[in-house]
Structures are given as structure tokens and as C-alpha cells.
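Here is the structure we will look at.
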Amino acid sequence: MKLARDTWLIFQRQMMLVLRNPVWVIVGIIQPLYYLFLFGPLLKGALRLPSAEAYRIFVPGILVQLAIFGTFFVGFALISELRAGVIERSRVTPVSRLALLLGRSLRDVVSLVVQAAIITVLSIPFGLAVGLGDALLAFAVLGLIALMLSAASYAIALKLRSEDALAPLLNTVGVPILLLSGVLLPMRYAPHWLADVAKWNPFSWAVDGSRALFAGNPGDSSVWKSLLILGVLTVLSVFWAARSFAKSVR
Amino acid sequence: MIETIGLRKSFRARKATVDAVRGVDLSVAKGEIFGFLGPNGAGKTTTLRMLATLIQPDGGEATIAGADLRRNPGQVRRRIGYVAQGGSTWDAVTAREELVLQARMYGIAKADARQRAARAIESFELAEFADRKCQTYSGGQRRRVDVALGIIHAPGVIFLDEPTTGLDPQSRAHMWDEVRRLRSEGMTVFITTHYLDEADALCDRVAIMDHGEIVAEGTPNDLKREVSGDVVTVGVPGAAEQAAKLLDNQPYVRQLEPSGDGVRLVVDAGATAMPQILRTLDGAGVRLDSIELHRPSLDDVFLTKTGRSLRES
């Protein structure tokens, strides 16, 4: 009860800050739109696919890309908050430590899902067709990615406490995760060794699951597998980050 | 209100262990302004952060406002306020928004939180800028907001870590007034400072800290008296030797040395010694040119206890 109340309190504050300065949400939408307008037609031609089918492959890919890169870097904001003393001020109050994390991560999840919904709607004129239920399930996959990566990003930020250390680390981890998930092109075009490596990447499963949903196959095994894999990893990530928040830090 | 026994903390930095706090025993009474004086790196902030539940002590016990620091940090948090050295506001929101959020983080309901914020804005005189974003505030305004945030839940004890560092003299005086007001409202104030005059003017009692230990403790006046008494300089042109001979065997004179055209005396209490000095010299017909009383400063205390001047360290 107290956890829910405190989480809501922190979430409200964070959401207010986003709405007051929504530039990052807008940037988050514009970047995938570039891919949609400037890379989508190329993909369609290269794969010799009809428009609807090309965008069914392509849109879930850029949504996962947005989920990964839109939330993996949220730790930067936390470092600014640490520097301003906001986190320390919260830590001397009896507010729930888990709420300090969840309130922020929920803000990240909500912004991401809103961005994803806008991009999905804007893709419809290109010939994308997706059922509402399937789309909502795909957003659940994206939401799990967002929750997992934002929690991980906060935990890493609490450890490093410096933007200079955070940026290279996140890029070093983030780029291979992205490339090995087949966001731009399905991994079925990959050579065997690369496809084998990609199988160990949970985000590759997320992309496959989302593509199955956008193709109207919610019963495909990649859907429940992606939800299960991401669910377990999200629990671990939140647990880790919550511990970092609760632990005394210098 | 605050009792500690043997509070200790070490940090590991580059494979070396630094004993930041090496056994601090404290006893602070209710309604007191208690000052922690010492140079940077003495362990003041570390002690304060332990008492404010931000870092765990390696050893020792502490009871704050009736709650045990180790066994019940949650209860300690409810009963204390803490204002960090580096500030605590977020640039993109207003002081009023920060005050309401802070109250809400203490579990206070929304309507009550708004009322408390309004009261704090009034009593700390923040009205002029409370609805502007924090990024527009001056250093002194920010500091007042920080303190208002620290006491929004009406704690019994407030910890202030160097609340006047970096402020201009006027803002400093303003902050002293706020601190005295908090005491008059019944709060116990625990303040750290490296300013001698601040400890002297503001604090009811002072503990001097150096290298993680308390080297002296008492009221500023007691400390100064205990260490060196008062200093009296007597100017007697041409009669310095005679004056020295006359005064050297007086019972109230602790120490005597020649000083230019006169003598410098260390006495127990200047107020009672001065008339006696005057009588002694007058009785022997020594013509007095000047007599001056200097109170020893807290710096003299620090110098005696550590062999260094606080200003140098």
C-alpha cells in the first residue's frame, strides 16, 4: 500500500517533469520516423516485399530499437539528480526505496508506450495493418524491455556516478545488443553463426515475438517465449536496481 | 536528544583504509544549537551522514530523538530533518512544488502537505520567489529553501551541514536568524561549520573535531576559558620591567611575557583580573598608558588541542 502510494508520488513528479519539457519524448518519436520514411522504402525494395508485409517486419523492429535506446540511457538523468542532491533528500525521508526506482521506471515505460503507439498509428498510412489485441500485446513486450533496461540503467548509474563513465559503457553494451536482435533486418537473413549468437540475445526473442504479433500470429511460440524471457530478466533487473537504491551509497 | 557512544566509520579508498570517524561520543540536549567545528576532512560530514541514516556506522551506538539508529533507522528518519551541504532542489520545479513533494514523501496527505508548504514559505520568507523555478534562485534563497525542505515534517532534530558555506555576509546573517528561530520553536539544531565566528556566535555548545575525533567540547565560552584564560596587554612605556616584577607573583596571573612597551598577561578571567592589575600598578606608582583585554578565540582552542591553527588547516 505504502509502496503503491510512494511509487505513484514519484511517478507523478517525474511525469510532470516530462510534460513540462517534452523535448526528449518528441526526439524519441522523430528518430524512428526517420527510419520509417527514409529507410522503410529501401528495405521494401531490397527485400522485394509488398508494402504491408515489409512494414510488418520493419515497424516492430524500430519499436524494439526505440525501446532499447530510449530507456537504456535514462541513467543520465539519475546522475543529474544525484548531483543536485535530490536523491539524497529523498533518502533521508521514510519514502520507500523501491518506489524511488519504480516511480522513475514507470515514467520511462509510459513515455515509451506512448511513443510506440504514436509510431504505430503513423505507420498505418504506409500499409501497416495490425489487430488491436496483437498491438497491445506487442506493447507489453516493449513495456517489459523498457522496465528492464531503465532499471538496469539506473543501477549502473548509481554504481558509476559519472556521465563520462556511463556513456561509453552503455554504448559498448547497447550497440551489439541492438545489432544482434535483428531490429533492422530479420535474423533469418543472417549467416548461421550470427543467427546462433543472436539466439542468446533476449532482445532477439523480443523482436521475433513482436513481429509475430504484428503479423497476426499471437499463438506463435516466439510470443510467449519472449514474454517469459523478458519477464524473468525484468524481475532480476528491478531486484538488482532496487537493492542499489536501498543500499547506503556514499 | 542525540546520544552517541563510540561511533566509527572507515572508508576504503585505493586499497588504503581511511578512518574517517574514530569513536565519537556525543550528548546533545533538547532545544540546543550544537555546533560541530573542524577543518575540511575532519569527519564532520561523515558523522552527520551516519546520524541522518545515510551511511551505516562500522561501530558504536546512537540514539536520536528516542529512536535507535542501528535497529530502527526508519523511525529516526521520521523524527529528524537533514540538510545536505551541496543543496537539494531540482532546477526545473518551484520551491512550493518541492516543499509539497517533500512533505508527501514523509507520508503527509496532499491537503496537509500544501498547507505546510504555505506555512514554510511564510516563515522562511520565500513568498517572493516560491512559485518561480529553482534555477532562478540566488545562493542564499536556495539555502533557505533547503532548510525549509528539511523541517517540512516538523522534526525534533534538524541536521544542517555547513548551511552558510559560500553565502554572502547578509545571507549568512539571515541564515543565523532562521537557525535561532528553529531553536525558539523547540527544535534541536545540529550544525557543522568550519567558521569560528559562526560556532562562536550561533552555537550553545560546540564540539571541535579533528582527524575523526572530538578534541574538545563545551560552550564556546567554557572552551575558550578552559584552554587559555583571557589575555590582557598592559602598556607601560619605560616601566615594563617594573610592571613585570610587580605582576609576576600575583595569584590571578597564569602566564606573563614582555610585549613591546609593556607586558602580556594570561589570566583566568579578564573581568576580575583587570581591576586588580590596575590597583597593583597604581599602588606602585607605575603610570599606565593603555590596557587591553582580548578574549581567546576558538582558534586558540583548536591551536592548543591540535597544535595547528584552524585557519591554516
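The values are calculated or read from the model by the stated rules, or taken from the named source; none is laboratory data. Predicted model only: the values in this text are computed from it and were never measured. Don't worry about glycine lacking a Cβ; one is built from the backbone with ideal geometry, like all the others, and counts go over all protein chains shown.
Here are some notes:
- Those residues of the stretch B:96-138 which are at positive phi and either within 14 Å of chain A (Cβ to nearest Cβ) or of a type in the set (Lys, Arg) (or both), in sequence order: B:GLY107
- For the stretch B:80-95, taking the residues that are more than 12 Å from B:VAL147 (Cβ to Cβ) and surrounded by 17 or more Cβ atoms within 10 Å (Cβ to Cβ), the one that is nearest to the other protein chains (Cβ to nearest Cβ) is identified as B:TRP90.
- The set of residues in the stretch B:81-114 that are touching a residue at least 40 places away in the same chain (Cβ under 8 Å) and under 18 Å from A:ARG83 (Cβ atoms) comprises B:TYR82, B:VAL83, B:ALA84, B:GLN85, B:GLY87, B:SER88, B:THR89, B:TRP90, B:ASP91, B:ALA92, B:VAL93, B:GLU98.
- From B:GLY66, B:GLY43, B:GLY31, B:GLY38, residue being more than 18 Å from the chain's Cα centre (by Cα) and either away from chain A (no Cβ under 11 Å) or of a type outside the set (A, V, I, L, M, F, W, C) (or both): B:GLY66
- Evaluation of B:PHE34 against the conditions (1) part of a strand (DSSP E or B); (2) surrounded by fewer than 19 Cβ atoms within 10 Å (Cβ to Cβ); (3) at negative phi shows that the sole unmet condition is (2).
- Condition check for B:GLY74: out of contact with any strand residue (DSSP E or B) (no Cβ under 8 Å at 6 or more places or on another chain), within 13 Å of another protein chain (Cβ to nearest Cβ) and surrounded by fewer than 18 Cβ atoms within 10 Å (Cβ to Cβ): yes
- Considering B:ASP177, B:ASP230, B:ASP222, the condition of being acidic (Asp, Glu), out of contact with any strand residue (DSSP E or B) (no Cβ under 7 Å at 6 or more places or on another chain) and more than 21 Å from B:GLY81 (Cα to Cα) is satisfied by B:ASP222 alone.
- Taking the stretch B:268-288 as the range and being of a type outside the set (Gly, Ala, Ser) and not in a helix (DSSP H, G or I) as the test, the residues that pass are B:ASP268, B:VAL286, B:ARG287, B:LEU288.
- Residue in the stretch B:293-304 that is touching a Leu at 6+ places or on another chain (Cβ under 7 Å), without any contact (Cβ under 8 Å) to a residue 60 or more places away in the chain, surrounded by 14 or more Cβ atoms within 10 Å (Cβ to Cβ) and not assigned by TED's automatic domain parsing to the domain that holds B:LEU26 present: no
- Residue selected from the stretch A:172-194 under the condition part of a helix (DSSP H, G or I) and touching a Phe, Trp or Tyr at 6+ places or on another chain (Cβ under 9 Å), by the criterion nearest to A:LEU43 (Cα to Cα): A:LEU178
- Whichever residue in the stretch A:92-106 is out of contact with any Phe, Trp or Tyr (no Cβ under 6 Å at 6 or more places or on another chain) and surrounded by fewer than 22 Cβ atoms within 10 Å (Cβ to Cβ) and, among such residues, is farthest from the other protein chains (Cβ to nearest Cβ): A:LEU98
Matching residues to (1) in the same structural domain as B:ILE64 (by TED's automatic domain parsing); (2) touching a helix residue (DSSP H, G or I) at 6+ places or on another chain (Cβ under 9 Å); (3) closer than 30 Å to B:VAL21 by Cα; (4) surrounded by 16 or more Cβ atoms within 10 Å (Cβ to Cβ):
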position: B:VAL189; (1), (2), (3), (4): yes, yes, yes, yes
position: B:LEU196; (1), (2), (3), (4): yes, yes, yes, yes
position: B:CYS203; (1), (2), (3), (4): yes, yes, yes, yes
position: B:VAL236; (1), (2), (3), (4): no, yes, no, yes
position: B:ALA239; (1), (2), (3), (4): no, yes, no, yes
position: B:GLN250; (1), (2), (3), (4): no, yes, no, no
position: B:VAL266; (1), (2), (3), (4): no, yes, no, yes
position: B:THR272; (1), (2), (3), (4): no, no, no, no
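- Test for B:THR233: is it farther than 30 Å from B:GLY285 by Cβ, in contact with an Asp or Glu (Cβ under 7 Å, 6 or more places away or on another chain), touching a residue at least 12 places away in the same chain (Cβ under 8 Å) and β-branched (Val, Ile, Thr): no
- Candidates in the stretch A:12-22 are the residues that are within 18 Å of the chain's Cα centre (by Cα) and either more than 12 Å from chain B (Cβ to nearest Cβ) or not in a helix (DSSP H, G or I) (or both); of these, the one that is farthest from A:ALA99 (Cα to Cα) is A:PRO22.
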